[in-house]
């Protein structure tokens, strides 16, 4: 069963690298997060990425950066003629932080991406796609020869990615992407924003539909078409994500946390939490729910 919290186990590795993963069958992701940073680069494919209540297009040349514990979902339109091909990097930001510290401009960008000062988490690098491809091909060649775990090689590969992001931020493609985001910030994004602001309340679909001046059936249809999931799934993901944060950062009782995230029935809160995270709130708090076997890695994108 797919869980919202997808822990990445690195074993003795500094970086988990999935090179040119390819899907030719229907691909519908789910709301989830990891305990580490993730870079997702699209070689082929179309679709949408939902991250923190915003939607971004999937297309060749897009690079996405996900912070630790950042809620996101990938929805790709896949067929034999139009596969979804991507390269994914998972890494512990504390390890990379030490590696990048001597490189001031790129280090500053990395800190902004990791620590949350950078609002945009999607970058259109299609204008320099050949350069990105060479970077990944070169690093894949090093890994095939057992040199991929060298700290200097990891640093160089990530630095090249950051260099491309810095260049894209002043390019017309970046401005076009931001314009597209504003243009496509339709009912689904408005619904996610409303849920983000009201998840602590007793939410009814009728209330949300009335806020957007739509019927609840039409709103549900629009939301599913744009995000690939249901309003209930998004609302549950937001609530459980906040519950995890409270479990990690406070010593408040489970009953209080459930009520704080909009699920005041404690037994139901525990049931939903276990279904989505894979363990009980108490075990999650003590760390029993976030361990993976050494060397295990969940490939879910």
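Read-outs: derived from the displayed coordinates by stated rules, not from any lab. Just so it is clear, the model here is predicted, and its values are computed rather than measured. Ideal geometry is used to build each Cβ from the backbone, glycine not excepted, and the neighbour counts take in all protein chains shown.
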> Taking 0.36 nm per intervening residue step and subtracting the Cα-Cα distance, what contour gain separates residue 119 from residue 218 on full extension?
Replying inline: 32.6 nm
> Bin by bin, in steps of 5 Å, what percent of the Cα pairs in segment 187-286 do you find, going until the bin that has the longest distance?
Replying inline: 2, 13, 24, 21, 15, 13, 8, 3, 0
> If you stretched the chain out fully between residue 97 and residue 112, how much longer would it get, using 0.36 nm times the residue separation minus the C-alpha to C-alpha distance?
Replying inline: 4.2 nm
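Output the relative contact order of segment 15-183, whole-number percent, from Cα pairs under 8 angstrom with separation of 6+ residues. Could the numbers behind the result be given before it?
Numbers: 294 pairs, mean separation 41.6, N = 169.
Relative contact order here is 25 percent.
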> Hey, got the Cα dimensions of segment 1-51 along the principal axes, in Å, largest first?
Replying inline: 33, 23, 21
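Where both residues lie in the chain, what percent of DSSP beta bridges are antiparallel, nearest 5? Before the final figure, lay out the partial values.
Details: 35 of 36 bridges.
Roughly 95 percent of the DSSP beta bridges within the chain come out antiparallel.
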> Taking the Cβ-Cβ separation of residue 144 and residue 52 as r and a Förster radius of 45 Å, what is the calculated FRET efficiency to the nearest 0.05?
Replying inline: 0.80
> In whole percent, what relative contact order does the chain give with Cα contacts below 8 Å and a gap of six or more residues?
Replying inline: 21
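How do 190-202, 72-84 rank on mean C-beta neighbours within 10 Å, highest first? Write out the running numbers ahead of the final one.
Details: 190-202: 16.2, 72-84: 17.8.
So the peptides 190-202, 72-84, ranked by packing, come out 72-84, 190-202.
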> Starting at 0 and stepping by 5 Å, how many percent of the alpha carbon pairs of segment 91-142 end up in each bin?
Replying inline: 4, 16, 17, 20, 28, 13, 1
> If you bin every alpha carbon distance in the chain into 10 Å steps from zero, what whole percent lands in each bin?
Replying inline: 6, 25, 34, 25, 9, 1
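Seen from all sides and averaged, what is the projected area of the convex hull of the Cα atoms in segment 15-131, in nm²? Provide the component values of the computation, followed by the final result.
Details: hull surface 29.5 nm².
Directional mean of the projected Cα hull area for segment 15-131 stands at 7.4 nm².
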>> If you fit an axis through the alpha-carbon atoms of helix 129-144 and take the longest principal axis of the Cα set of the chain, what angle between them do you get, 0 to 90°, nearest 10?
In response: 80
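Restricting to DSSP H runs of at least four residues, report the calculated mean residue ellipticity at 222 nm for the chain, -39500 (n - 2.57) per run over all residues, nearest 500 deg cm²/dmol. The partial results should precede the final answer.
Values: 12 runs with 142 residues, N = 301.
Here the helix-only value at 222 nm equals -14500 deg cm²/dmol.
If R0 is 30 Å, what FRET efficiency do you get for residue 274 and residue 12 from their C-beta distance, rounded to 0.05? Write out the running numbers ahead of the final one.
Working: r = 31 Å, r/R0 = 1.03.
Computed FRET efficiency for residue 274 and residue 12 comes out at 0.45.
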>> For the pair residue 205/residue 130, report the inter-label distance in nm, with labels modelled 7 Å from Cα in the Cβ direction.
In response: 5.1
